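Down below is the structure, laid out as structure tokens.
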Amino acid sequence: MVYFDNGNKLFDDARKNQYAIGAYNINNLEWTRAILRAAAETNTPVLIQVSMGAAKYMGGYKFVKDMVEDQMDAMGIKVPVILNLDHGDYDAAIECINLGYSSVMFDGHKLPIEENYAKTKEIVQLAHSRGIAVEAEIGKVGENQDTSSGELADVEDAMAFAAMGVDRLACGIGNIHGIYPANWPGLDFDRLQEIANAIDIPLVLHGGSGIPREQVQKAISMGIAKVNINTEFQLAFQDATRKYIENELDLNKEQKGYDPRKLLLPGTDAITAKMKDMIEWLGTPAVA
């Protein structure tokens with residue numbers, strides 16, 4: 001019988017002891033197996049998360065939960081696994097709570113502030129009554145290659161959300177979803193320090209793909225306990241798949257190189273390898 005951890009003790013320990021646990025988005029079966037395999041081979045806890053778009057692509061939130069559970073069972077996964085909704089709206093968060101996800105991120109930054117507060121409080125109350133963790137976001141994480149699309153998190157907002165009982169808080173500190181442009185100025189460590197001084201719950205770094213390692217590690221030393229990764233794995237998958245095709249391995253009819261299982265394998269292996277490398281420099285310790 002597989003079990004989803006809500007991650008609260010894990011992330012509290014990560015902030016206290018200055019390491020981070022990776023949060024990895026899944027996009028299909030191969031992504032799921034690659035991530036679970038890396039966690040198993042390193043014996044480290046893992047947070048698997050799905051965006052609203054990826055869930056729609058794969059057939060819905062129930063299918064995603066069932067697939068992750070089935071793969072954990074089939075692969076004999078023993079490490080703690082957290083199943084999280086990433087950047088969910090109100091309806092998605094409620095659905096995933098009712099389905100039994102162990103963590104949900106409610107992203108209400110587009111709502112008027114009072115409505116955002118009210119819905120966050122409601123989600124926290126419902127989730128906590130079922131042992132489910134809640135992540136919220138303050139500020140706005142920028143969008144792909146656009147340094148002007150984000151906004152810095154406000155310290156007073158951080159205190160307000162912490163007071164509502166959210167378990168983890170994502171902060172806009174100059175980070176960007178997707179690919180970082182050449183003129184990106186870097187993370188705003190002054191604002192991160194202000195937030196870390198104001199609240200003691202685990203902090204989350206979205207847009208972790210592409211941030212220089214030394215900046216991520218500095219952020220971890222200041223209170224970041226969860227680092228979100230998606231684009232970096234997509235690029236690794238793309239690169240490995242491109243090489244397979246450029247080497248014309250897919251044209252080898254004797255070896256059935258056209259078989260999609262063989263076509264997708266190099267990319268899948270590349271995700272596992274990339275994740276194992278990241279686990280090491282995030283400092284994620286093996287479970288006892």
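The values are calculated or read from the model by the stated rules, or taken from the named source; none is laboratory data. Source: prediction; values computed, not measured. When we count neighbours, we look across all protein chains shown, and the Cβ atoms used for this are built from the backbone with ideal geometry, even at glycine. Side chains included, ligands, DNA and RNA excluded: accessible areas come from the protein's heavy atoms. Shrake-Rupley method; radii C 1.70, N 1.55, O 1.52, S 1.80 Å.
For the stretch 1-120, the alpha-carbon radius of gyration amounts to 1.08 times the rule-of-thumb value 2.2 N^0.38 Å expected for a compact globular protein. Short-range pairs are left out: with C-alpha atoms under 8 Å and at least six residues apart, the relative contact order of the stretch 163-250 is 29 percent.
Computed about the Cα centre, the dipole magnitude for the chain is approximately 740 debye when only Lys and Arg (+1) and Asp and Glu (-1) carry charge, each at its Cβ. In terms of its Cα atoms, the chain spans 64, 46, 38 Å along the principal axes, sorted from long to short. Contact order for the chain, expressed relative to its length and based on alpha carbon pairs under 8 Å spaced 6+ residues apart, stands at 21 percent.
Using R0 = 22 Å, the C-beta based FRET efficiency linking LYS9 and GLU41 works out to 0.45. With contributions of -39500 (n - 2.57) from each DSSP H run of at least four residues, the per-residue ellipticity at 222 nm computed over the chain stands at -15500 deg cm²/dmol.
Note that the chain presents 46 Å² accessible area per residue, ligands and nucleic acids not counted, probe 1.4 Å. So if R0 is 51 Å, what FRET efficiency would VAL2 and GLU151 give, r being the distance between their Cβ atoms, rounded to the nearest 0.05? Working from the Cβ atoms, E equals 0.85. The GLU122 and LYS253 beta-carbon pair, evaluated with R₀ = 51 Å, returns a calculated FRET efficiency of approximately 0.30. Rg/Rh for the stretch 170-288 (Cα atoms only, Rh after Kirkwood) is 1.12.
Its residues counted as N, the stretch 80-122 yields a C-alpha radius of gyration over 2.2 N^0.38 Å of 1.18. When nucleic acids and ligands are ignored and a 1.4 Å probe is applied, TYR117 ends up with an accessible area of around 50 Å². Could you work out what % of the accessible surface of the chain is carbon and sulfur, using a 1.4 angstrom probe and leaving DNA, RNA and ligands out of the count? Carbon and sulfur together cover 50 percent of it.
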